[in-house]
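Please read the structure below before turning to the comments.
Quick note: the coordinates plus some simple rules give every number you see, no bench work behind them. Everything quoted here is computed from the prediction, not taken from an experiment. Positions of Cβ are generated from backbone atoms using ideal geometry, with glycine treated the same way; all protein chains shown enter the neighbour counts.
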Amino acid sequence: MPYYGSNEVAFLLGLRKSVWLTPGYSLFDEIANKYPFISKREFPALKGGIFFQNEEIKKELCKNHLKDAENIEFGSSKFHYTIGHLLGYPPKAIHFFVHLITNSNLNIKRVGIDYCGVTCAGSIDDLLDDATWLWQEYPFPEWDILKIQYQDKKIYIPYQDFETLQEVQKKLKAATDNLQILNFSNRINF
């Protein structure tokens, strides 16, 4: 049975502008024959391919975000920055993730964000901005609801429900502030 992840389905429905797939994905060949893409040829550090809805989107995203590709190493900060932009992640989420890679202390602020097949990590501090960006970039309330995950908790926010989103962000900030105090006090010997 073929595998269909939310980001692939969102791409096939035309909700996402781009998607990153590897040859192990069940519809890889079918998508590769139908959609424009970039591969190792254009982006040597890339494994698999990034597929675009059309040639114009491919040109626009690559022109803006695929500069100096031959000097980008897989897994580097520059790699994640480039991939994030090519895949349509919120800019602040990209910035946070790139810093998270080198600073594990930021994990306490990390939230999972999922909307219209865009699944990424972001910061609690940027949650309102990231959600607003997603809702503007992907204005499809009939297709999805914003999902936020913090540790083992999942929170669902209806489309453009800024009041609930601000309340959730406030509670998450308070919870992380308390955790930071606890973590700090646990390291102090009395």
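Rounding to the nearest 10 and keeping the result within 0 to 90°, find how far the Cα-based axis of helix 127-137 lies from the longest principal axis of the chain.
Approximately 20 degrees, to the nearest 10.
Explain nothing, just the number: relative contact order of segment 89-183, from Cα pairs under 8 Å at least 6 residues apart, as a whole percent.
Relative CO of segment 89-183 lands at 27 percent.
Suppose every Lys and Arg Cβ carries +1 and every Asp and Glu Cβ carries -1, with no other charges. What dipole size does the chain come out with about its Cα centre, to the nearest 20 debye? Working shown, then result.
Details: 21 positive and 23 negative charges, 102 e Å.
It comes to approximately 500 debye.
How far is helix 55-65 tilted, in degrees, relative to the longest principal axis of the Cα atoms in the chain, given as a value from 0 to 90 rounded to the nearest 10?
Taking the Cα atoms of the chain, the angle to 55-65 is about 50 degrees.
What does the net charge come to around Leu134 if you take all other residues with beta carbon closer than 14 Å to its beta carbon, with K and R at +1 and D and E at -1?
That sum, taken over residues with Cβ under 14 Å, equals -3.
What spacing in nm lies between the two simple spin-label points modelled at Gln151 and Lys170, each 7 Å away from Cα in the Cβ direction?
Between Gln151 and Lys170, the label points sit 2.1 nm apart.
Can you compute the equivalent ellipsoid semi-axes for segment 79-162, i.e. the square root of 5 times each eigenvalue of the Cα gyration tensor, sorted largest first and rounded to whole Å?
20, 15, 10
Taking GluC sites (Glu not before Pro) as candidate sites, keep only those in a DSSP loop with at most 12 other Cβ atoms within 10 Å, then name the longest stretch of the chain containing none of them. If you can, show how the numbers build up before the last one.
Values: sites that count: Glu73, Glu142.
After excluding every exposed loop site, the longest remaining stretch is 1-72.
Give me the lysines in straight-line cross-link reach of Lys173: C-alpha distance below 26 Å, same-chain residues under 8 apart excluded.
Hits, sequence-local ones excluded: Lys92, Lys109, Lys147, Lys153, Lys154.
Specify the angular offset, from 0 to 90 degrees and rounded to the nearest 10, of the alpha carbon long axis of helix 91-102 from the longest principal axis of the alpha carbons in the chain.
Value to nearest ten degrees: 70.
How about Lys47: which lysines have a C-alpha closer than 24 Å to its C-alpha, ignoring those fewer than 8 places off in the same chain?
Lys17, Lys34, Lys58, Lys59, Lys63, Lys67, Lys78
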